[in-house]
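Input: a single structure, listed below in structure tokens.
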Amino acid sequence: MRFHSLPESKRYADTAAEYQILLERHNTVLTELFADHLVHIVTKSFVPDEGVEVFSPIDPHALNPGSRPWTRLREDDDADPGGTMHLHVSERRWRPGSVDPLLLAVADDECADVIIMDIDLRRLYHPYDGGADVILAGPQERDALKAAHADWLSTHPLGL
């Protein structure tokens, strides 16, 4: 399911009050999913091949303290040069506010492809600029979370 981080599906925060709403929504759902449990936090950076331009204003791994290199993946298309995605992972006990700098960087579209998950990989939280996608172990858990935060859901017929 997809939650929007601001009222009326506004994509980007413009004021301190909107940033506060955004962080409260993220931390509320994250705490409901992971309260006091160990989580993995995955961040991705992209190292382009020569001649490929990529806008990357920050190092997302620096916003994931204690992260270590996990794996690298090539991103290529026969017609276009690519690069290498570097994935780092950290493990920590979930605490509200513990990843606020990372959530803010994602919200401002300064980094992307962050995933927060329980160590059993039964719950995934993927923030993006505008909200978060949540994958849960089953429909009952999903429906309960949707009902708890129905006003944060998209009004789009497909839930996007």
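The values are calculated or read from the model by the stated rules, or taken from the named source; none is laboratory data. Predicted, not measured: the structure shown is a model, and the values here were computed from it. Neighbour counts are summed over all protein chains in view; Cβ atoms, including those assigned to glycine, are modelled from backbone coordinates with ideal geometry. These accessible areas exclude ligands, DNA and RNA; they are computed on the full protein's heavy atoms, side chains included. Shrake-Rupley method; radii C 1.70, N 1.55, O 1.52, S 1.80 Å.
In the stretch 141-160, of all residues being closer than 13 Å to HIS4 by Cα and among the small types (Gly, Ala, Ser), the one that is surrounded by the fewest Cβ atoms within 10 Å (Cβ to Cβ) corresponds to ALA150. Taking the criterion of being under 26 Å from GLU91 (Cα atoms), in contact (Cβ under 8 Å) with a residue 60 or more places away in the chain and assigned to a loop (DSSP other than H, G, I, E, B), the residues of the stretch 1-54 that qualify are MET1, SER5, HIS37. Kindly indicate whether any position in the stretch 15-33 is closer than 23 Å to ASP113 by Cβ, open to solvent by 50 Å² or more (accessible area, probe 1.4 Å), among the aromatic types (Phe, Trp, Tyr) and at pLDDT 95 or above. Yes: the stretch 15-33 contains one or more residues that are closer than 23 Å to ASP113 by Cβ, open to solvent by 50 Å² or more (accessible area, probe 1.4 Å), among the aromatic types (Phe, Trp, Tyr) and at pLDDT 95 or above. If I filter the stretch 115-140 down to residues being assigned to a loop (DSSP other than H, G, I, E, B) and open to solvent by less than 40 Å² (accessible area, probe 1.4 Å), which single residue comes out as farthest from PRO7 (Cα to Cα)? Ranking the candidates gives GLY138 first. Applying the set (1) touching a residue at least 60 places away in the same chain (Cβ under 8 Å); (2) under 23 Å from ASP36 (Cβ atoms) to ASP129 leaves exactly one unmet item: (2).
Applying the criterion of being in contact (Cβ under 8 Å) with a residue 60 or more places away in the chain and open to solvent by less than 60 Å² (accessible area, probe 1.4 Å) to the residues of the stretch 81-98, the residue that is nearest to LEU23 (Cα to Cα) is GLY97. GLY51 - would you say it is of a type in the set (Gly, Ala, Ser) and at pLDDT 95 or above? Here the answer is no, as GLY51 does not meet what is asked.
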